[in-house]
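The values are calculated or read from the model by the stated rules, or taken from the named source; none is laboratory data. What you see is a predicted model; the values in this text were computed from it and never measured. Note that we place each Cβ from the backbone using ideal geometry, even for glycine, and neighbour counts take in every protein chain shown.
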Amino acid sequence: MSKVLLVIGHPDLSQSKANAALVDAVRDLAHVTVHDLYATYPDFQIDADAERALLAEHDVIVFQHPVFWYNTTPLFKQWQDKVFTFGWAFTMDGSSSQLAGKKAIVAVTAGVPGDHYTPEGANQATLETLLSSWHATLRLCQFDIQPMVKVYGTAFGLSDEDLAIAAKQYNELLASFAA
Ligand SMILES: Cc1cc2nc3c(=O)[nH]c(=O)nc-3n(C[C@H](O)[C@H](O)[C@H](O)COP(=O)(O)O)c2cc1C
C-alpha cells in the first residue's frame, strides 16, 4: 500500500468550494494524510524539517492548490523554497534526491472554463504550459510525475454536478494507491 500525502495550498479552506470538495472526497481514505499548509503556517514560518519528515514518510505526494495568476499560491511557493533544498531534494548532477521515485500529482482548480486554457483560447496556453515550473521543479527533485488533475470553471460554469464528478474521480485516483 502506498501512503499518500495531500499537501494543500488554499489560503482559507473554510471559504473554499472546489478545493474543499476535493479534500472532503479523500479525507476519509486511511492511507491519505491531509496537510493544510495555510492552517499549519498562518505566519508563513515553514518548519522545513517537519515538512521533509512528512515527505519522507509518504510514497505519493499530491500538491493541490487553486490557480492564482497562472501560478501556485504564495505559501506553496514559500514551502517549495524552504523544503526543496540543495543536497536533500536535488543535486545539480542529478546523482541523488531523497524524493527520487516518489509519485507526484499536481492538482489544481482554475476559475475559468477549460476552453480558455488552450493555445487558441483566451489564455493562449494550457495549464500544463502555464504551470510548467511545477513540472521542472518536480523533475529536478526526481519525482515520478503523474498527469495533472485539473478542475476548470470554478468561478464560471462549473456546476455542482460537475464538481461532484471531479471529487468522485479524485477519490478514485487517490484510492487507487491503496492497492
Ligand atoms: C488572487 C486570485 C487570482 C486568481 N487567478 C486565477 C488565474 O490566473 N486563472 C484562473 O483560472 N483562475 C484564477 N483565480 C480563480 C481561482 O482559481 C478560483 O477562485 C479557485 O479555483 C476557486 O477555488 P475554491 O472554491 O477552492 O476557493 C484567481 C483567484 C484569485 C483570488
- request: Answer yes or no as to whether LEU13 is modelled with pLDDT of 95 or more, under 24 Å from ASP81 (Cβ atoms) and near the ligand (Cβ under 10 Å from one of its atoms).
  value: yes
task: Consider only pairs whose beta carbons are under 8 Å apart and that are at least six residues apart or on different chains; among these, list those whose first residue lies in segment 153-169 and is of a type in the set (A, V, I, L, M, F, W, C) and whose second residue is loosely packed, with under 14 Cβ neighbours inside 10 Å and not in a helix (DSSP H, G or I).
output: LEU163/LYS17
query: Residue check, ALA136 against (1) under 16 Å from the mean Cα position of the chain (by Cα); (2) touching a residue at least 24 places away in the same chain (Cβ under 8 Å), all met but one. Which one?
result: (2)
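Tell me the residue from ALA53, ALA39 that is away from the ligand (no atom under 15 Å from the Cβ) and of a type in the set (Gly, Ala, Ser), please.
Details: ALA39 fails: away from the ligand (no atom under 15 Å from the Cβ).
From the options ALA53, ALA39, the qualifying one is ALA53.
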Residue match in segment 85-101 (condition: of a type in the set (Phe, Trp, Tyr) and within 16 Å of the ligand (Cβ to nearest atom)): no
task: Sort out which residues of segment 149-179 are outside any helix (DSSP H, G or I), touching a helix residue (DSSP H, G or I) at 6+ places or on another chain (Cβ under 6 Å) and of a type in the set (A, V, I, L, M, F, W, C), and write them in order of number.
output: VAL151
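For segment 37-58, what are the residues that are outside any loop (DSSP other than H, G, I, E, B), among the hydroxyl-bearing types (Ser, Thr, Tyr) and in contact (Cβ under 8 Å) with a residue 24 or more places away in the chain?
From segment 37-58, those outside any loop (DSSP other than H, G, I, E, B) are 37-40, 48-57; that's our starting set.
Now drop any that are not among the hydroxyl-bearing types (Ser, Thr, Tyr), which leaves 38, 40.
TYR38 - this is the single residue of segment 37-58 that is outside any loop (DSSP other than H, G, I, E, B), among the hydroxyl-bearing types (Ser, Thr, Tyr) and in contact (Cβ under 8 Å) with a residue 24 or more places away in the chain.
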- request: Search segment 94-121 for residues that are over 30 Å from ALA178 (Cα atoms) and pair each with any residue that is more than 11 Å from the ligand (Cβ to nearest atom) and hydrophobic (A, V, I, L, M, F, W, C) when their beta-carbon atoms are under 6 Å apart and the residues are at least 6 apart or on different chains.
  value: none
